[in-house]
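Enquirer: Dumping the structure here so I can ask a few things about it.
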Amino acid sequence: MNLKLITRRLILFFLYFLAVSCKDEEVSNPPIVESGLEAYVNRFLEEAELRGKTISLNNLEVRFADLQNTCGTGSVDPLRVNIDEDCWNALPDVAKEILMFHELGHSILRRDHDASILPNGDYKSIMYNDPTTLYNEYTPQKRTYYLDELFGVVTNLPAWTSAKTIASTIIADDISNGALWKYSVSGNANHEGSIVDTAFSSPSNSLAIHSEGGTAGYSYWSYSWSPQDIEEGSTLVLKVKIKTVGLTGGGAYFAFRADVNEKDYPIFFYTTQGEPVLGTAEFGSSEYSIQVNYFPSKADKLNIYLILDGTSSGTVFFDDIELLKYQ
């Protein structure tokens, strides 16, 4: 046999052996998981096993890091999950689980972000880029679905994901009796709240907040009650009519929150703060609403907040607060 050919084959064999040896060495490294994060990594493995999936964590590193503008990152090369410690410490247990599962979805399952929408309006996947409120301890059906979807074992969408079309009214308040509402000021907001009969969408009153502007904090009208006859999985839509006069600064917005007595954090919290109302506009010139796609199995109190940012100048009027349930 030609000496050059023999030499070439020996070199190729050596390179192949070296590659295989390096590969074997690479996959043999056990995972490194920082203290405080192990329970959530183990939970990921347990949920995978429940769904018939055997997953290796070799070469994975899971560590706390000082991240900018995000709670976590997950990468394949290197195989690493970084968690911002301050953000982590501020999250309840279930939100920590979601964050860890999302990042392990990137690094271990090699999944990209997915912003697809279910028929009821919820996000389709835990791989949505901001997933920590997708489910909680009071939405167990949602947790089951999202973990099934994460590990690729969903065959048919569950019933709760369907679009809800049958509407009924929970609240229809035209502020004819303002006694239900409480006015509060937070921080140094230089605001004045009042029930007025000079501007309204439906006769004969509205909830007004006036500000001379330029201060921090905020003020708000609030209404709280114990919900009844709202079934788990229902869709809720909160509608508010708003009139503004010369409104500048942070503007007007509203929020919808659900609480459970034994928890020190909301079960859900939605706000229109990201799209505040500004300028001068009449009632009905635009529609303002918040949608809750899935009502939890328990909520001891629901809260509506009609808010003016402390840095605003001008006047806002709120009227015709309506809460609809869809099944």
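Enquirer: Report, by residue number, each residue of segment 89-113 that is buried (at least 19 other Cβ atoms within 10 Å of the Cβ) and not aliphatic (A, V, I, L, M).
Expert: LYS96, GLU97, PHE101, HIS102, GLU103, GLY105, HIS106, SER107
Enquirer: Just wondering, is there one or more residues in segment 285-294 that are over 24 Å from GLY121 (Cα atoms) and touching a strand residue (DSSP E or B) at 6+ places or on another chain (Cβ under 9 Å)? Show your work before the answer.
Expert: Step one: of segment 285-294, the residues over 24 Å from GLY121 (Cα atoms) are 285.
Filter again for touching a strand residue (DSSP E or B) at 6+ places or on another chain (Cβ under 9 Å), leaving 285.
Checked against the condition, which is being over 24 Å from GLY121 (Cα atoms) and touching a strand residue (DSSP E or B) at 6+ places or on another chain (Cβ under 9 Å), segment 285-294 yields at least one hit.
Enquirer: Taking segment 254-309 as the region of interest, how many residues are assigned to a strand (DSSP E or B), crowded, with 17+ Cβ neighbours inside 10 Å and not aliphatic (A, V, I, L, M)?
Expert: 8
Enquirer: Residues that are within 17 Å of the chain's Cα centre (by Cα), surrounded by fewer than 19 Cβ atoms within 10 Å (Cβ to Cβ) and modelled with pLDDT of 95 or more: does segment 157-169 have at least one?
Expert: no
The values are calculated or read from the model by the stated rules, or taken from the named source; none is laboratory data. All of these numbers come straight from a predicted model, not from anything done at the bench. Cβ coordinates were reconstructed from backbone atoms using ideal geometry, including for glycine residues, and neighbour counts include every protein chain displayed.
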